[in-house]
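Before any comments, here is the structure.
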Amino acid sequence: MATVQVDTRFDEVHKAVLDGLVAYNTALLGDGGRQPVAVSVRDGEAIVGGAVGRYWHGWVYVDLFWVSEALRGQQIGTRVMDALEAHALDLGARGVHLTTYSWQARPFYERRGYAVFGSLSPYPEGHACYWLSKTLTGQDAAE
């Protein structure tokens, strides 16, 4: 009989759940061109910023985006997003979507043309979480 439990083996559970979900979605929708997307900022061999996500069925989802505190205010974030969006277009993406929080970069994304399509508040207490998307030039998000 199957048991349900809180499990401390995060990596093992994560891999099994991800593999199962990908298999399920692929059986229903095809692979959708699924592929990882990564843009790095490097100082020599050290990674000091970047963005990671994935392309799937015409959209790039940005899972993580970070620039070292020492590099902020130097347009590095803009260059990362420019590179990510250009790569998304190369992949044939119609748009990019992501999540940010009230203490993070919502104004940065909005200046880049991203629009909020959902929010959760309070999350965490005293703050809010926002889901944003941007349709890329020459693409129709309704397709």
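A compact table of results
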{"quantity": "Segment 37-63 residues that are in contact (Cβ under 8 Å) with a residue 24 or more places away in the chain, paired with ones that are in a strand (DSSP E or B) and polar (S, T, N, Q) (beta carbon under 7 Å, 6 or more apart)", "calculated": "Gly50/Ser40; Tyr55/Gln35"}
{"quantity": "Tabulated pairs, segment 84-112, first within 21 Å of Gln74 (Cβ to Cβ), second among the polar types (S, T, N, Q) and outside any helix (DSSP H, G or I), C-beta under 7 angstrom, 6+ apart or interchain", "calculated": "Arg106/Thr100; Tyr109/Thr100"}
{"quantity": "Residue within segment 16-36 that is of a type outside the set (Ser, Thr, Tyr), part of a strand (DSSP E or B) and farther than 21 Å from Tyr101 by Cβ present", "calculated": "yes"}
{"quantity": "Residues of segment 92-113 that turn out to be farther than 13 Å from Trp131 by Cβ, touching a helix residue (DSSP H, G or I) at 6+ places or on another chain (Cβ under 9 Å) and of a type in the set (Gly, Ala, Ser), as a count", "calculated": "2"}
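We did not get these values from a lab; they are worked out from the coordinates using the rules stated. On a predicted model such as this, the values are computed, not experimentally measured, just so you know. As a convention, Cβ positions derive from the backbone with ideal geometry for all residues, glycine included, and neighbour counts pool all protein chains shown.
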